[in-house]
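Below is one structure, written out as structure tokens; comments come after it.
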Amino acid sequence: MEYRNWIDGEWVEPSGERTLPNVNPADTRDVLGTLRLSSREDVRRAVAGAKRAFPAWRRTPAPERARVVARAQKILEAQADELARLLTREEGKVLAEARGEVAKTINVLEFMAGEGYRMGGITRPSVLPSNFCYTVRQPLGVVGLITPWNFPVCIPAWKIAPALIAGNTIVFKPSELTPATAEVVVRAFIEAGCPAGVLQLVHGDAEAGDEIVRHPEIPAISFTGSNEVGRSIYETAAGMLKKVQCEMGGKNPIVVLEDADLELAAAGAAKGAFGSTGQRCTATSRAIVHEAVADRFVELVAEHARRIVPGNGLQEGVTMGPSVDREQFDKVLSYIEIGKQEGATLVLGGSRAEGEGLEHGYFPAPTIFDHVRPGMRIAREEIFGPVLSVIRVRDLDEAIEIANDVEYGLTSSLYTRDPNRWFRFVDEIETGITHLNSPTPGGESQMPFGGVKATGVGAREMGDTAIDFFTELKAVYVDYTGAKRESNVY
Ligand code: NAD
């Protein structure tokens, strides 16, 4: 299989010099295809096409634009199982997780399609007689969407849908690690009737991404990915006065107090830490646990972790997939070494996972470190692997202080039976999302999604807020007196 760009209503081969194999990370002997990377010129052609398509698309009524999204939802729904299997083969997450991602994508499109009717503004009384004021939302123009590999179906969908409904045309660059699933998503929008030029797909890596970020005809960039890349995109784009939305890494804590249902907390921590091989921006990477219950909590999480079956996610009984590629796998193993050197207590794992067939893939073992101190690198830096750091604390105050003492702020959760402490936690925790008595991952399509501090800049994604980033508000003043204005108060 070779992957193609979708530009101006045609599938065309990328024109870059470099190619990458698209490899199943659970079994590197399984090669899905070859990706030729796009050149800067490919991006420029895509931008030119999107620019030509913009005037007609912005004049198309929003409910009609949204119908494309509604139809794309139905198309993806009809292919859900096939798409989930492709996702498992390309990215590695196990089939149940892949099905979950596809189901979430369908929810996102379903919710978003209604925005075609809801995309409104406000009206306000004027300070002047026979005047009124209102706002309208208008599209930005050609928007650049740059996405990561870890949710290669859902994240593109949650950016493309609001961008389209808002009346923008799009240059979309998926991760170079997941071109096949990106193509399926784009095909659904094409089949749904997205006109030529309105949604342009450009496969590529940093070179194509950089061209999108620097292109003067793209006034807005929506990026999801690592902090390192997001920061540089933000700097470059802000220097050009572009509108920028970056959703980046996390170091998400679960806080477990002494009155918590420990079985529930341990199950939540295990799901959050080891689910999707820890490769979720919302993964649980720190468990901040009251010292009175920490021993028992660690024992219970370890029991869950021991039951995990790593392997090819298409096989029955497998419960954890691989790291997405060699680089990510090496990164996880190197953080495990850092944890050992920093003096944390290794409870479980601590190396690559061993077992029949695992030698062909990138499988780190589920790993738990106990007695982690808040200053250690494994307690502060995003690992993006199945590694949980347990930090012991004396009370809620100390837990909140440690939870907040990292640069990231995506999600968090608290396990307690005490509503007073829950509400205090909500007041004080520095994350864009928080959960009570449920794991850190998860975000529903009708709710805003995003983080604070170094995790996120720009408007929230998903929910009603998704439209905010992709529109500008215009304030309109209407004077129906028909008379010359005397007042100076306006
Ligand atoms: P990444 O930053 O390496 O790549 C993301 C995208 O940016 C890819 O499409 C890549 O090709 C592109 N890119 C790379 N260099 C670029 C450059 N110089 N200019 C423009 N584009 C460039 O991230 P990744 O490894 O694909 O994804 C994992 C990261 O994504 C993790 O840090 C994770 O926490 C984060 N993430 C965040 C959220 C969120 O909503 N907060 C959601 C999912 C993933």
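The table that follows gives values for the structure above.
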| item | result |
| --- | --- |
| Matching residues, region 211-229, being part of a helix (DSSP H, G or I) and touching a residue at least 40 places away in the same chain (Cβ under 8 Å) | Glu211, Ile212, Val213, Asn227 |
| The one condition in (1) in contact with a Leu (Cβ under 6 Å, 6 or more places away or on another chain); (2) among the aromatic types (Phe, Trp, Tyr); (3) more than 20 Å from Leu76 (Cβ to Cβ) that Tyr234 fails to fulfil | (1) |
| Gly239 being more than 9 Å from the ligand (Cβ to nearest atom) and either among the small types (Gly, Ala, Ser) or open to solvent by less than 10 Å² (accessible area, probe 1.4 Å) (or both) | yes |
| Only listed residue being over 25 Å from Thr169 (Cα atoms) and more than 10 Å from the ligand (Cβ to nearest atom), chosen from Ile218, Ile254 | Ile254 |
| Strands (runs of 3 or more DSSP E) wholly inside region 240-342 that include at least 1 residues being over 24 Å from Arg377 (Cα atoms) and of a type outside the set (A, V, I, L, M) | 243-247 |
| Residues satisfying the stated conditions in region 429-454, i.e. aliphatic (A, V, I, L, M), buried (at least 18 other Cβ atoms within 10 Å of the Cβ) and within 15 Å of the ligand (Cβ to nearest atom) | Ile433, Ala454 |
| Test: residue in region 276-295 that is among the hydrophobic types (A, V, I, L, M, F, W, C) and either within 16 Å of the ligand (Cβ to nearest atom) or without any contact (Cβ under 8 Å) to a residue 24 or more places away in the chain (or both) | yes |
| All strands (runs of 3 or more DSSP E) inside region 1-46 with 3 or more residues being surrounded by 14 or more Cβ atoms within 10 Å (Cβ to Cβ) | 5-7, 19-23, 31-36 |
| Hits in region 57-106 - residues which are touching a residue at least 40 places away in the same chain (Cβ under 8 Å), under 22 Å from Phe449 (Cα atoms) and of a type in the set (Val, Ile, Thr) | Val69, Val102, Thr105 |
| Residue check, Leu145 surrounded by fewer than 22 Cβ atoms within 10 Å (Cβ to Cβ) and either more than 16 Å from the ligand (Cβ to nearest atom) or within 18 Å of the chain's Cα centre (by Cα) (or both) | no |
| Failed condition for Glu486, given (1) acidic (Asp, Glu); (2) in a loop (DSSP other than H, G, I, E, B); (3) surrounded by 13 or more Cβ atoms within 10 Å (Cβ to Cβ) | (3) |
| When residues of region 182-197 are limited to those that are within 27 Å of Phe384 (Cβ to Cβ) and either more than 13 Å from the ligand (Cβ to nearest atom) or not assigned by TED's automatic domain parsing to the domain that holds Lys74 (or both), the one most open to solvent (accessible area, probe 1.4 Å) | Val184 |
| Some residue of region 405-414 being open to solvent by 30 Å² or more (accessible area, probe 1.4 Å), in the same structural domain as His290 (by TED's automatic domain parsing) and more than 16 Å from the ligand (Cβ to nearest atom) | yes |
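Condition check ((1) open to solvent by 10 Å² or more (accessible area, probe 1.4 Å); (2) of a type in the set (Gly, Ala, Ser); (3) more than 8 Å from the ligand (Cβ to nearest atom)) across all residues:
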| site | (1), (2), (3) |
| --- | --- |
| Phe151 | yes, no, no |
| Trp158 | yes, no, yes |
| Ala161 | no, yes, yes |
| Leu164 | no, no, yes |
| Ile170 | no, no, yes |
| Leu199 | no, no, yes |
| His203 | no, no, yes |
| Asp210 | yes, no, no |
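The values are calculated or read from the model by the stated rules, or taken from the named source; none is laboratory data. The structure presented is a predicted model; accordingly, all values stated were derived computationally and were not measured. Neighbour counts run over all protein chains shown; Cβ positions are idealised from the backbone, glycine included. These accessible areas exclude ligands, DNA and RNA; they are computed on the full protein's heavy atoms, side chains included. Shrake-Rupley method; radii C 1.70, N 1.55, O 1.52, S 1.80 Å.
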